[in-house]
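Notes for the one structure printed next.
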Amino acid sequence: MPGSGKGEFSAIAEDLGIPVIVMGDVIRSEVQKAGLPPVDGSMGVIARKLRDEHGMAAIAKVCIPVIESQKAGVVLVDGIRGDAEVREFSRHFPHFTLIAIDSPLAIRFERLCTRGRSDDLTDISELSARDERESSFGLRSAMDLAAVRVRNCGSLDDYRAAVRSSLTQIIGAI
């Protein structure tokens, strides 16, 4: 979910030498191409438009060639938003492993208030609405399919240790 710690997870993966593809960057690029302001509402409009035009796995389909171009044994994809994307990645990548990051609404909102991105929110009700929008894409269903779950409710150091442990286990299993 937004503010759960995906970006920190990705930063740790990069520190370990794992290439990271951010699905939200695809949407941000489309927002820019459309000449829309880089705010949450624009992100939602474009995400829905892409999925309406190209199916619920639209963002995953755009990311697959980018992932393949990495020529790496392991690539982290940051920001899967639906079960259709999970199925799309699973079809293309035999060792695909989905990781869900769990974090309560209040903690996520607190993080978003201090993150400083143009699409961040200023009211917890906006975050609830964003959660519902993203759930309409199948996010909660996708999270239910996760092979690995990381809980992000404590300190940053605890979370970083859990992420490193998860990544080490996944890499070792491939």
(message) If residue 69 satisfies all but one of (1) touching a residue at least 60 places away in the same chain (Cβ under 8 Å); (2) farther than 25 Å from residue 165 by Cα, what's the number of the condition it fails?
(response) (1)
(message) Any residue in region 150-174 that is free of Cβ contacts under 8 Å to residues at least 24 places away in the same chain sitting within a Cβ distance under 8 Å of a residue that is surrounded by fewer than 17 Cβ atoms within 10 Å (Cβ to Cβ) and among the hydrophobic types (A, V, I, L, M, F, W, C)? List the pairs, counting only those 6 or more apart or interchain.
(response) 169/148
(request) Give the residues of region 1-25 that are assigned to a helix (DSSP H, G or I) and within 19 Å of residue 136 (Cα to Cα), sorted by residue number. (result) 23, 24
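Condition check: within 27 Å of residue 75 (Cβ to Cβ), touching a Gly at 6+ places or on another chain (Cβ under 6 Å), charged (D, E, K, R) and part of a helix (DSSP H, G or I). Does residue 133 satisfy that?
Numbers: within 27 Å of residue 75 (Cβ to Cβ): yes; touching a Gly at 6+ places or on another chain (Cβ under 6 Å): yes; charged (D, E, K, R): yes; part of a helix (DSSP H, G or I): yes.
It is true that residue 133 is within 27 Å of residue 75 (Cβ to Cβ), touching a Gly at 6+ places or on another chain (Cβ under 6 Å), charged (D, E, K, R) and part of a helix (DSSP H, G or I).
Hey, could you check region 134-158 for residues that are of a type in the set (Ser, Thr, Tyr) and out of contact with any Ser or Thr (no Cβ under 9 Å at 6 or more places or on another chain) and say which is surrounded by the fewest Cβ atoms within 10 Å (Cβ to Cβ)?
Initially, region 134-158 is screened for residues of a type in the set (Ser, Thr, Tyr), giving 135-136, 141, 155.
From the residues that got through so far, the ones that are out of contact with any Ser or Thr (no Cβ under 9 Å at 6 or more places or on another chain) too are 136, 155.
On the way: 136: 15, 155: 9.
Selected residue: 155.
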(message) Of the conditions (1) farther than 20 Å from residue 96 by Cβ; (2) out of contact with any Cys (no Cβ under 8 Å at 6 or more places or on another chain), residue 140 satisfies every one except a single condition; which number is it?
(response) (1)
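Of all residues in region 119-130 being outside any helix (DSSP H, G or I) and either of a type in the set (Gly, Ala, Ser) or at pLDDT below 85 (or both), which is nearest to residue 47 (Cα to Cα)? Outline the logic, then answer.
Taking region 119-130 as the starting set, the residues that turn out to be outside any helix (DSSP H, G or I) are 119-123.
Right, trim to either of a type in the set (Gly, Ala, Ser) or at pLDDT below 85 (or both) and you get 119-122.
Working: 119: 13, 120: 16, 121: 17, 122: 21 Å.
Per the criteria, the residue is 119.
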(message) I'm trying to understand the selection: among the residues of region 83-118, which are assigned to a loop (DSSP other than H, G, I, E, B) and either of a type in the set (Ser, Thr, Tyr) or crowded, with 19+ Cβ neighbours inside 10 Å (or both)?
(response) 97, 98, 103, 118
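With 100, 129 as the choices, which residue is closer than 25 Å to residue 67 by Cβ and of a type in the set (Gly, Ala, Ser)?
Only one candidate qualifies: 100.
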(request) Report, ordered by the first and then the second residue, all pairs with beta carbons closer than 8 Å, sequence separation of six or more or different chains, a first member in region 28-47 that is on the phi > 0 side of the Ramachandran plot, and a second member that is part of a helix (DSSP H, G or I) and modelled with pLDDT of 90 or more. (result) none
(message) Could you check region 122-143 and list, in sequence order, the residues that are in contact (Cβ under 8 Å) with a residue 40 or more places away in the chain, of a type outside the set (Lys, Arg) and out of contact with any strand residue (DSSP E or B) (no Cβ under 6 Å at 6 or more places or on another chain)?
(response) 126, 127, 131, 134, 137, 138, 139, 141, 142
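The values are calculated or read from the model by the stated rules, or taken from the named source; none is laboratory data. Predicted model, so just to flag it, every value in this text is computed and none were measured. For neighbour counting, all protein chains shown are included, and Cβ atoms are generated from backbone atoms with ideal geometry for every residue, glycine included.
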